[in-house]
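For reference, the structure discussed in these notes is given below.
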Amino acid sequence: MYSKFFHFLCLLFVCFLVTPTKSFCNPVPLVIGIDADLSAVAVEGGVAITRGVELAVDEINAQGGILGRPVKVETRDHRGNPSRGIHNIEQFSANPDLLAVVGGVHTPVVLAEIDAIHKNNILMLVPWAAGTPIIDNGYTPNNVFRVSVRDSEAAIVLIEHAKKSGFNKVALVLERTGWGRSNLVSLEEAAASNNVHIEAVHWINWQQKDFSGAVTSIKESNVDAIILVSNVPEGVVVFDEMAQQGIAGLPVISHWGIASGQLPSKLATPISQYNIAVLQTFHFHHQKNDKAKGLLEAYHKKYGLVEASAIGGVTGLAHAYDLTHLIATAARKAASIEVDKLREALESLTNIKGAVKSYRFPFTHERHDALWAKDYFMTKFNEQGHLETTDIE
């Protein structure tokens, strides 16, 4: 009996001492699921999210995994379709080894998934989807945690940028979805607080091809600027029509949706002809901390050398990277992958260094958003079509 017990202790001791990258105490991997747009209108964002998770998982596994188990990434493509998103959530929830689902790009998809997430009691980590109701979803306990833009905060930054730039009269161009509606409420509140006048609101549907009437109205209204909330396909329709009607130089202050998929290459007119400012939360030229530097080095090593400003959907990359490390840290703190314990651990993490920023308290029981207006800044497209930081922030 003594011999068997001693043998067991030796095995346990070896399990904690072996080289992490070569052996795990439990070879059955934990799963981080990715539910993103990988083939439709925001592929660049979906790829960025996937790569952010993959890079973090590489580091986690090199450090011994989570609770002695390796971590693997499983991807599912929702194609920007809410029904597919719900199906993906149901599929992921059937896996007993699921740690969490990292999902997003499209607010309407995540909003449609909220009920399924809570019905199945799984955790959703959101690195890219800004709708305020994603977090303010009415569920207690709340299983959704976000390192991303929040529309109510984004509106403050967009309107304040307009004011700092001397633009007092603006027109809104919003996609006709839950994301657009969320922004309308927030932009109206922020504009009223900053004495910026919203002269008109124009809506654009997904896959709409003709926006000539709205641009004509904007042109005749003599507004100082446009505030745009759309993804790339609809953004291209708006910008091409602006060029067609000779107002390409009218300033556009844009939410981050147009940074999700190679906008410059899709325009009929060179990007240099436009005056576009784009909301962002991360840029390798803006964040210069050790985590960000390490992330860039790991990106180059895994995916090839590319200029830092040319990395597509870089906010999704950094947000997903930080979220993956946050859930790993929470699991270690909880010593469990049980959802209720993981949620409590996420809500009590302190002093976590990430690529986006150092999170003193990433989340609390009452607050599941980690980024706020002070964490956002504006960028501009350079002549190569890459986003660069600006002096007006």
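The values are calculated or read from the model by the stated rules, or taken from the named source; none is laboratory data. Not measured: the values here are computed from a predicted model. Glycine gets a Cβ as well: all are built from the backbone with ideal geometry, and neighbour counts include every protein chain shown.
Within region 207-224, how many residues turn out to be out of contact with any Asp or Glu (no Cβ under 6 Å at 6 or more places or on another chain) and closer than 29 Å to residue 79 by Cβ? Spell out how you get there, then give the answer.
The initial filter retains those residues of region 207-224 that are out of contact with any Asp or Glu (no Cβ under 6 Å at 6 or more places or on another chain), namely 207-210, 213-214, 216-220, 222, 224.
Pick out the ones that are also closer than 29 Å to residue 79 by Cβ and you get 207-210, 214.
Result for region 207-224: 5.
Which one of these is assigned to a helix (DSSP H, G or I), hydrophobic (A, V, I, L, M, F, W, C) and either at pLDDT below 95 or in contact with a Leu (Cβ under 8 Å, 6 or more places away or on another chain) (or both): 48, 112? Outline the logic, then answer.
Working: 112 fails: either at pLDDT below 95 or in contact with a Leu (Cβ under 8 Å, 6 or more places away or on another chain) (or both).
Among 48, 112, only 48 is assigned to a helix (DSSP H, G or I), hydrophobic (A, V, I, L, M, F, W, C) and either at pLDDT below 95 or in contact with a Leu (Cβ under 8 Å, 6 or more places away or on another chain) (or both).
Assess whether residue 258 counts as being in contact with a Gly (Cβ under 6 Å, 6 or more places away or on another chain), closer than 21 Å to residue 312 by Cβ and β-branched (Val, Ile, Thr).
yes
With the structure loaded, tell me whether residue 231 is closer than 20 Å to residue 177 by Cα, of a type outside the set (A, V, I, L, M, F, W, C) and at pLDDT below 95 or whether it fails that test.
On the way: closer than 20 Å to residue 177 by Cα: yes; of a type outside the set (A, V, I, L, M, F, W, C): yes; at pLDDT below 95: yes.
Taking the combined requirement at face value, the residue satisfies it.
Could you pull out the residue among 90, 74, 113, 59 that is more than 18 Å from residue 315 (Cα to Cα) and over 21 Å from the mean Cα position of the chain (by Cα)?
Details: 74 fails: over 21 Å from the mean Cα position of the chain (by Cα); 113 fails: over 21 Å from the mean Cα position of the chain (by Cα); 59 fails: over 21 Å from the mean Cα position of the chain (by Cα).
After ruling out the rest, the residue left standing is 90.
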*Looking only at residues in region 53-71 that are part of a helix (DSSP H, G or I) and not hydrophobic (A, V, I, L, M, F, W, C), which one is surrounded by the most Cβ atoms within 10 Å (Cβ to Cβ)?*
54
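Can you tell me how many residues in region 160-195 are in contact with a strand residue (DSSP E or B) (Cβ under 8 Å, 6 or more places away or on another chain), part of a helix (DSSP H, G or I) and not polar (S, T, N, Q)?
First, pick out the residues of region 160-195 that are in contact with a strand residue (DSSP E or B) (Cβ under 8 Å, 6 or more places away or on another chain): 161-162, 165, 167-176, 179-181, 183-184, 187-188, 191.
Subset that is part of a helix (DSSP H, G or I): 161-162, 179-181, 183-184, 187-188, 191.
Pick out the ones that are also not polar (S, T, N, Q) and you get 161-162, 179-181, 184, 187-188, 191.
Of the residues in that region, 9 qualify.
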*Is at least one residue of region 105-127 small (Gly, Ala, Ser), in the same structural domain as residue 328 (by TED's automatic domain parsing), in contact with a strand residue (DSSP E or B) (Cβ under 7 Å, 6 or more places away or on another chain) and at negative phi?*
no
*Report the residue count in region 115-147 for those that are over 21 Å from residue 338 (Cβ atoms), modelled with pLDDT of 95 or more, assigned to a loop (DSSP other than H, G, I, E, B) and touching an Asp or Glu at 6+ places or on another chain (Cβ under 8 Å).*
1
_Condition first: in contact with a strand residue (DSSP E or B) (Cβ under 8 Å, 6 or more places away or on another chain), surrounded by fewer than 24 Cβ atoms within 10 Å (Cβ to Cβ) and either modelled with pLDDT of 95 or more or within 23 Å of residue 123 (Cβ to Cβ) (or both). Now tell me which residues in region 287-325 satisfy that._
289, 290, 291, 325
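Looking for something within 23 Å of residue 339 (Cα to Cα), of a type in the set (A, V, I, L, M) and touching a strand residue (DSSP E or B) at 6+ places or on another chain (Cβ under 8 Å) - is there at least one such residue anywhere in region 37-47?
Step one: of region 37-47, the residues within 23 Å of residue 339 (Cα to Cα) are none.
No, there is no match, as no residue in region 37-47 is within 23 Å of residue 339 (Cα to Cα), of a type in the set (A, V, I, L, M) and touching a strand residue (DSSP E or B) at 6+ places or on another chain (Cβ under 8 Å).
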_Pairs please, first residue from region 325-350 and among the acidic types (Asp, Glu), second anywhere and at pLDDT below 95, Cβ atoms under 7 Å, 6+ apart in sequence or on different chains._
none
*Unmet criterion (only one of (1) on the phi < 0 side of the Ramachandran plot; (2) crowded, with 22+ Cβ neighbours inside 10 Å; (3) out of contact with any strand residue (DSSP E or B) (no Cβ under 7 Å at 6 or more places or on another chain)) for residue 378*: (3)
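Can you confirm whether residue 379 is among the polar types (S, T, N, Q) and under 17 Å from residue 288 (Cβ atoms)?
Numbers: among the polar types (S, T, N, Q): yes; under 17 Å from residue 288 (Cβ atoms): yes.
Here the answer is yes, as residue 379 does meet what is asked.
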